[in-house]
Amino acid sequence: MTTTVVSDPPSAAVVLDGEIDISTCPAIRRFLLAAISGGHAHLAVDMSGVTFIDASGIGVLVAAASRARQAGGGLSLLAPSPQVRRLLDVFQLDAIERLVASSLQAPAGRPGTCQVSQR
């Protein structure tokens, strides 16, 4: 799992890549909640590189969306793959987060990257 953030307060663009599961969720949760607490109330999360997400991953996205709304912002999920989109639809997350078909393009030279290793 790789997490990249492009910061432009009060917004941040986050690119998630790989699997979001019980082993990667704690680090992703800390990462997203820290971004929101750090003044990035509007998060755009590019899901185009996510190959798998389980229920714990859904929980992380719901928690981040809730925290972002409490901070006066919101969470948008960009370009989930068909298999990820299917699970998001099952959980009816389109009612919680805004789903956008296109992915984002990070500005060159601005991203910071956090490697999240699976155990």
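Phi-derived couplings, Karplus 6.51 cos²θ - 1.76 cosθ + 1.60 at θ = phi - 60°, listed residue by residue for region 65-74: 5, 5, 5, 5, 5, 4, 8, x, x, x Hz, with x used for Gly and Pro. Close amide H pairs (under 5 Å, H built 1.01 Å from N) link L77 with V45, R98, L99, V100, residues at least 5 positions away or on another chain. Computed from backbone phi, the HN-Hα couplings of region 19-26 come to 9, 10, 9, 4, 7, 9, 4, x Hz, rounded to whole numbers (Karplus: 6.51 cos²θ - 1.76 cosθ + 1.60, θ = phi - 60°; Gly and Pro given as x). Under 5 Å from the amide H of V50 lie the amide H atoms of G18, S81, each residue being 5 or more positions distant or on a separate chain, with H modelled from the backbone and absent for Pro and chain starts. Listed values for region 81-91 are Karplus-derived 3J(HN,Hα) couplings in whole Hz (6.51 cos²θ - 1.76 cosθ + 1.60, θ = phi - 60°), namely 5, x, 5, 5, 4, 4, 5, 4, 5, 4, 7, and x replaces Gly and Pro.
Applying 1/(1 + (r/R0)^6) with r as the Cβ-Cβ distance of D89 and L33 and R0 = 30 angstrom yields a FRET efficiency of 0.75.
Bear in mind that the values in this text are calculations on the coordinates, not laboratory data. All figures in this text were calculated on a predicted structure; none of them were measured in a lab. With ideal geometry, Cβ positions are generated from the backbone for all residues, glycine too; neighbour counts draw on all protein chains shown.
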